[in-house]
Every structure is written in C-alpha cells, then in structure tokens.
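Q: Got a structure here, written out as structure tokens. Questions coming.
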Amino acid sequence: MYAQMVKSTGQGVKSLDEMDPQERAFQERINRDEKIEPKDWMPAAYRKNLIRQIGQHAHSEIVGQLPEGNWITRAPTLERKAILLAKVQDEAGHGLYLYCAAETLGVSRDELTEDLLSGKMKYSSIFNYPTLTWADMGAVGWLVDGAAIMNQVPLQRTSFGPYARAMVRICKEESFHQRQGYDIMMKMANGSDAQKRMAQDALNRFWYPSLMMFGPSDKDSVHSAQSMAWKIKMNTNDELRQKFVDQTVPQAEYLGLTVPDPDIAWNEEKGGYDFTEPDWSEFFDVIKGNGPCNVERLAARNKAWDEGRWVRDALLAHGEKRRAARVVAAE
Amino acid sequence: MDDTLFEFLLRQGDNTLVLGHRVSEWCGHAPVLEEDIALANTALDLIGQTRMWLGYAGEVEGKGRSADDLAYLRDAWDFRNLLMLERPNGDFGHTLLRQFLFDAFQVPHLKALEDSSDPRIAEIAAKSVKEATYHLERSRETVIALGDGTGESHARMQAALDLLWPYVGEMFLSDEVDTDMAQRGIAPDPASLRQTWDKTVTQALTDATLERPEGDFTHRGGKTGEMHTEHLGHMLATMQFLQRAYPGATW
C-alpha cells in the first residue's frame, strides 16, 4: 500500500528449530508481541526490509503531497484551502516522523532521499495518477487515505517500536483526513449536476488505483510470508483489499455514486462483496515508471531538491559559523 | 456604510490573502521538509487572518458579502494589497526576505491595532499578533542565515533585497483612509511605524551581512487600488477558478 511491493530479502521463513539461538530469541520476542527497539539485536534482513518499507512509506508521504498540492492554489473557499493546506502539511509531517523512524535503523534521511530521487526506491503507485478536478481532493481523502488507514491501523502493532509509534500518530491524522475527504464528496454528490459529474468521474478514476494500493494478490506476492512472520506486515494484501471494498461500497451508495465495477455484488456466504480485480498489468506499468504522472512527480521532487541545495548549504554554513563564533567567545 | 473602515479592512484582508496564497504555492516544493512545514504554517495563519479581516469587512459593508465572496469574486482593480505581496515568489530566499520585510511592518502594526478604538479590530489584531511575531522571528533568522551563509546564498539574498527594496515604501504611505483611521483612533498612521521597522530591518541586514540599498523610490498603487502588477490577475485566475467556473455552487 503506502509500501506496496516491498521485496523481502529473506530466503523463505525458517522454523524456530532452524534458527541459531540469537535469531530464535529474536523471533520468540516477536511472537510474544514484544517491541523491537533500535539498539536491540536484529537480523540483517529484518533491518534491511524495514528500511525499505519505512523508507517507501516516507517517500509516499512526500510524493503524496504533490497531487493534492496541485489544488491548494485553486481551492474553492478559504476554509477548503486551509483544510487542504493543513492536510498536505500533515503529510510532510508524516514523512518527517517516518524518516526519523528509518534513521534509528542506521540510514540517513539524505541517503533515503537520494534513493527516491534517483528512482532506486519506490513510493506508492497511487500518487502517479493525476488530480484533475476538485472532486479528486474528496476522492483522494476518501479512497486513498481510506485505503492507507486500512493498512496502517494494524501497523500500529508492528514489531518495530519506532515504526509502530509513528503509526499511532499518523493513523489519528489519517482518519481525520478521510473524514474531510468524504465531506468534500458529500458536498459534491449533493451539489449541482456539474459537481455530481465531477464526483462520479473522480470515483471512476480512483477506484481501481485505490484497490491496487494493497499490492498484488497473495498468490502472486511471494515476499509476504517472511514479513508476516516478523510482524512488519500484519495482514495479507487480499484480506485488506476485501476489507476496503466492504467498507467503501456502502459509502459510495450513500453518496449516490456508482462504483465502476458492474460485477460488484454482495456474497452472503463469504460475508463480503465480490468484485473485479484491478488490471495488474496497469499496476506493473505504473511501478515501472509508466503511470500518467511518474515523470512529473519525480521531476518535481528533483527540482525542489536541486533548487533547494543552496538553501541547505547556506543554513549549514551559517550554523557552522555560529558554532565557531561561540567557541571563540568561550575561549 | 462606513466607507473608510471598509476600505481599511480590505487592505488588511487583501494583504494576508495575497501573501498567504503566494506562500501556499510552496507547499510540497520547499528545499527541506522542515521548511515545507513551516511555510505551510505561515500560509495557514495568513489564511485564517484573512477570514477574520474579510469577514468583518463584509459585515461593515452590509451587503451580505462573506469573506469568500470578497476573496473569490472581486477582480484585480478591487484588490487593496501591497504590491510587494502579489509579486511572484522567486527563489526561497526571495520568498523569506519578502516575508521578513512585511513581518517587520506587520508586528508593530498589529501591536498598535490591539489598542484600536474598534473592539473587533483590537480582537483580530490580538489573535494575529501572536502568529505574526512568530513569523517575524522565523523570517528574520532565515534571512540572517541565508545572507551570512555561503557566497552563493549571500549573492542571491542581496539580489532579492535589491529587487524588493523599491516596494517597501508603499507600506508607510498614508492617504485619506489612513488619516481618517488615525483620527478616529482605529489604526495608527502607517508612517509612524517606519522607525520601528527601520530599526528591525537595519539590525537584521547587518547580521545578514547584506547591504541596505540606496534610494527611497517606491512603487505604489496596490494599497489604494490605483495600480497593480500584472502578476495579480494571474494569481486571481488560479485562485478564483472554481468560483468563477461554477457560480453559486456550494463546496
């Protein structure tokens, strides 16, 4: 989702008996739901996986500022503008906590940033879709943040302490964002014909990309088992996707909007909706860089970073001068 | 209707509206995450202040116009903001320097407005001054750091200062609206704030190793509405797009 397609570095899940004593003690702590803290021993692969996952999540927050930032200057009222600005600011804040959580694993924010900018590290595929109308601000809050929450609520119980604690704070804000998004959709769905059309169009465009946020189907996701054993992934992709559909379909009905899937139907037996899988070839295209906005998103991040270099250098240089002046003054 | 009071309130609200809009353009594009968050904070404060100023302006006007009506349904000639604030952001240093030059005016201005004979204005000023004081602290520190930082940052900041300097004088120009406000004890004469501003700015420029430009020429007309830059119309075209394209819709 925010960290979809994280490839596990493990070679398949070992049983406790196959582990050496140190690794076994580690796994047993996880099995007892104890939190792993930065200074604790951890397998190298656990560390590497977490860096990838938390880093990808942080990058998703940062790149995720762009599609919504696209509408800040066009927000239709002062109140909507303030709400949207505060929301995008929260995303920057989430990026900050997550980079801090990743730093406790021994990687710097600048290193992670360089990997994002070079395209070596990924971010959630959803942010490679454009925001074309104001209704997209509603759809992003409702569907994208809704899908994010679905994944992140269980991650509050993830085994790595700093990540779990960052998630607690992030989840509080995300659920607020989702309500704000739904509120925009309600206004649009109950508004003029043009607004209704915008709302339906936004749902049409964001429905399948939102379902893709959970990652490929479990049967095609070969890396999940180790992450689940380490409790850095708490549910399978398909479980979360089902939960999301079950939650969202009635919400769309309440709005008077139509989910763009003619085969959606309640299945009494499984106690959930049957629905059409997203087009996974589109998903893999987007991951490879061929989404509608991949080029623009990375270009925008690179531009901000490159054009900001002189500012970062100057702030550091000034800080150094001040420190040096204090040393001289103290002597 | 109290015409001069309405005019005065538009000037306050348009300053914060236009500057808040400019600052909000940075969201997601700042040089470093902490600055991105801080700029968004500044923009949020300014938008909040706009809602108070223009809300009150609409009440004084008495024609049922809301803060949103005033922000989204007036054309450039009805705007009353300082020219400096509608100019494009330029680089990060230019944005922060413009912020500093305005904050150094706005803080003493709002402090004086806390004693306004109009209790609503005193109330808005009391709320705003806390935010403006923080903005000034931050913009001042950043200007000093960037002026002093590296050769490149120093050159960029000096260039920004030279560019902005011909716009600062407009903050201190007085007209009949200001005279009326001063006589009624509603607001200070802007000219009276120059000394405090000079002191703040001179000290900061010295610390920033920047050279105060010569000359006191000033562009004028934004505050009175006689003249704007070409940039304002483009800003409004963006800002007002939805309200103009879908009149009467509720968002």
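Q: 5 Å is the cut-off here: which amide hydrogens, built 1.01 Å from N in the peptide plane, fall below it relative to A:ILE36, excluding neighbours closer than 5 in sequence?
A: Close amide H contacts, sequence-distant or interchain: A:PHE160, A:GLY161.
Q: So how far apart, in nm, are the two label points at B:ASP2 and B:ASP216 if each is 7 Å from Cα heading toward Cβ?
A: 3.2 nm
Q: Against the longest alpha carbon principal axis of chain B, how many degrees, from 0 to 90 and to the nearest 10, is the axis of helix B:194-207 turned?
A: 30 degrees
Q: Sticking with this one: Listed here are the pairs A:LYS120/A:LYS231; A:LYS39/A:LYS233; B:LYS63/B:LYS127; A:LYS196/B:LYS63; A:LYS120/A:LYS303; which of them are more than 19 Å apart at the Cα?
A: Pairs exceeding 19 Å: A:LYS120/A:LYS231; A:LYS39/A:LYS233; B:LYS63/B:LYS127; A:LYS196/B:LYS63.
Q: Give the relative contact order (percent, whole number) for the stretch B:3-245; include only Cα pairs under 8 Å separated by 6+ residues.
A: Taking the mean separation of contacting Cα pairs over the length of the stretch B:3-245, I get 25 percent.
Q: Calculated from DSSP H runs of 4 or more alone, at -39500 (n - 2.57) each and per residue, what is the 222 nm mean residue ellipticity of chain B, nearest 500?
A: -22000 deg cm²/dmol
Q: OK, next. So, in nm, how far is label A:VAL295 from label A:ALA265 when the simple model puts each one 7 Å beyond its Cα toward the Cβ?
A: 4.3 nm
Q: How would A:TYR254, B:TYR246 line up from fewest to most surrounding beta-carbon atoms within 10 angstrom?
A: Arranged by neighbour count, lowest to highest, A:TYR254, B:TYR246 become A:TYR254, B:TYR246.
Q: All other residues with a Cβ under 9 Å from the Cβ of B:ILE186 taken together, and with Lys, Arg as +1 and Asp, Glu as -1, what is their net charge?
A: -1
Q: Among B:LEU205, B:LEU193, B:LEU163, which one shows the highest mean-square fluctuation when chain B is modelled as a Gaussian network with alpha-carbon springs under 10 Å?
A: Judging by the Gaussian network model, the answer is B:LEU163.
Q: Still on this structure: Give the angle, between 0 and 90 degrees and rounded to the nearest 10, that separates the Cα long axis of helix B:151-168 from the longest principal axis of the Cα atoms of chain B.
A: Around 30 degrees separate the two axes.
Q: Compute the acute angle (0 to 90°) between the alpha-carbon long axis of helix B:92-113 and the principal axis of greatest extent of the alpha-carbon atoms of chain B; round to the nearest 10°.
A: The answer is roughly 50 degrees.
Q: Here is a further query. Counting other beta carbons within 10 Å of each residue's own, what order do A:ILE126, A:ILE51 fall into, fewest first?
A: By the 10 Å Cβ count, ascending, the order reads A:ILE51, A:ILE126.
Q: Let me ask something else. Among the lysines, which have Cα under 17 Å from the Cα of B:LYS199 when same-chain residues fewer than 8 positions away are ignored?
A: Partners found: B:LYS111.
Q: Using a simple charge model, +1 on the beta-carbon of Lys and Arg, -1 on the beta-carbon of Asp and Glu, nothing else, what dipole does chain B show about its Cα centre, in debye to the nearest 20?
A: Its charge dipole is roughly 320 debye.
Q: Spin-label point model (7 Å from Cα, Cβ direction): what's the B:ASP198 to A:GLU253 distance in nm?
A: 7.3 nm
Q: Among A:PRO216, A:VAL168, A:ASN302, which residue has its Cα positioned farthest towards the positive end of the charge dipole of chain A, with +1 placed on the Cβ of Lys and Arg, -1 on the Cβ of Asp and Glu, and the dipole taken about the Cα centre?
A: About the Cα centre, the residue reaching furthest to the positive side is A:ASN302.
Q: Quick one: compute a quarter of the convex hull surface over the Cα atoms of the stretch A:139-226 and quote it in nm².
A: 6.5 nm²
Q: Choose one answer from B:ALA126, B:ALA187, B:ALA71: the residue with the largest mean-square fluctuation in a GNM of chain B with alpha-carbon springs under 10 Å.
A: B:ALA126
Q: Give me A:ILE54, B:ILE186, A:ILE36 ranked fewest to most by other Cβ atoms within 10 Å of their Cβ, as a rough exposure proxy.
A: Ranking A:ILE54, B:ILE186, A:ILE36 by Cβ neighbours within 10 Å, fewest first, gives B:ILE186, A:ILE36, A:ILE54.
Q: While we're on this one: What does the charge count near B:ILE124 come to, summing +1 for each Lys or Arg and -1 for each Asp or Glu among other residues with Cβ under 11 Å from its Cβ?
A: Net local charge, B:ILE124 excluded: 0.
Q: For the protein assembly as shown, count the residues as N, evaluate 2.2 N^0.38 Å, and divide the Cα radius of gyration by that value, please.
A: 1.08
Q: Picking from B:HIS234, B:HIS94, B:HIS219, which is most flexible by a Gaussian network model of chain B using Cα springs under 10 Å?
A: Its mean-square fluctuation being the largest, the pick is B:HIS234.
Q: How much net charge surrounds A:GLN195 when only other residues with a Cβ under 14 Å from its Cβ are counted (Lys, Arg +1; Asp, Glu -1)?
A: Local charge sum for A:GLN195: 0.
Q: Something else: Would you calculate, for chain A, the mean residue ellipticity at 222 nm contributed by helices, counting each DSSP H stretch of 4 or more residues as -39,500 (n - 2.57) and dividing by all residues, to the nearest 500?
A: Calculated at 222 nm, the ellipticity per residue is -20000 deg cm²/dmol.
Laboratory data are not the source of any read-out in this text; all were calculated from the coordinates shown. Given the structure is predicted, the values throughout are model-derived calculations rather than measurements. Glycine also receives a Cβ, built like all others from the backbone with ideal geometry; neighbour counts cover every protein chain displayed.
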